[in-house]
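To start, the structure under review is shown below, and the notes come after it.
The values are calculated or read from the model by the stated rules, or taken from the named source; none is laboratory data. Keep in mind the model is a prediction, meaning the values are calculated, not measured. Cβ placement follows ideal geometry from the backbone for every residue including glycine, while neighbour counts extend to all protein chains displayed.
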Amino acid sequence: MPASVRGAVKILVTGPFGVGKTTLVGSLSEIAPLRTEEVMTAASEGVDDLDGHSGKTTTTVALDFGRITLNPRLALYLFGTPGQQRFWPLWDDLSRGALGAIALVDLRRAHESFDILGRLEEQRIPFAVAVNTFPDSPSYPEDELRSALDLLPEVPILHCDARDRRAAYDLLIDFVDHLHSTAVLELQR
């Protein structure tokens, strides 16, 4: 990182188990991301629901970390959270000081997102829902999706393919634009 960087902002990337958080952080980061993925063992049987996660053999046990240098003086830090409830004590620490959060959702298992969305609302962290589009994902009109996820009107619903670097950057730009617009509205009140 350039020695001129003096400040940083933090964005949380969160969502349930297997939704694509590690992939999104990796797509966005200009550095090789720090990953704390471990091989899933027999100890996770009966604890982690692997339905709909065929082929998944690893899971994040602490965090993912990536960085984007925005300009010579400012960096953006991306912190990806683990998805399972047993790792939520880490989630509280990771979310502290976050400018906002991108909450990834897999529409094949949208119900798995309720707890994460509720935590974001409870902690009053500004967030956007980012629908990670998988090849076999269903598609719904935005009003149906907003109702099904019980989202407030001010929460944007964005779409991306976390594997696609360009789509990941477009998602991040839209999210930061939302945060900026929200901050401007707050200042005008």
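For D106, the test of being in contact with a Ser or Thr (Cβ under 8 Å, 6 or more places away or on another chain) and either of a type in the set (D, E, K, R) or surrounded by fewer than 21 Cβ atoms within 10 Å (Cβ to Cβ) (or both) is passed. Number of residues in the stretch 146-168 that are closer than 19 Å to P126 by Cα, surrounded by 11 or more Cβ atoms within 10 Å (Cβ to Cβ) and of a type in the set (A, V, I, L, M): the value is 6. The number of residues in the stretch 8-32 being free of Cβ contacts under 8 Å to residues at least 60 places away in the same chain and farther than 19 Å from W88 by Cβ comes to 5.
Is one or more of the residues making up the stretch 66-87 among the β-branched types (V, I, T) and surrounded by fewer than 16 Cβ atoms within 10 Å (Cβ to Cβ)? There is no residue in the stretch 66-87 that is among the β-branched types (V, I, T) and surrounded by fewer than 16 Cβ atoms within 10 Å (Cβ to Cβ). Residue check: S29 meets all listed conditions (1) surrounded by fewer than 16 Cβ atoms within 10 Å (Cβ to Cβ); (2) of a type outside the set (V, I, T); (3) modelled with pLDDT of 90 or more but one, namely (1). Exactly one residue out of A62, A101, A148, A110 is at pLDDT 90 or above and within 22 Å of S29 (Cα to Cα): that is A101.
Okay, residues lined up against (1) within 17 Å of P16 (Cα to Cα); (2) touching a Gly at 6+ places or on another chain (Cβ under 7 Å):
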{"position": "V105", "(1), (2)": "yes, yes"}
{"position": "R109", "(1), (2)": "yes, yes"}
{"position": "F127", "(1), (2)": "yes, yes"}
{"position": "T133", "(1), (2)": "yes, no"}
{"position": "D174", "(1), (2)": "no, no"}
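Within the stretch 149-185, being of a type in the set (G, A, S) and within 21 Å of F114 (Cβ to Cβ) holds for one residue alone: A162.
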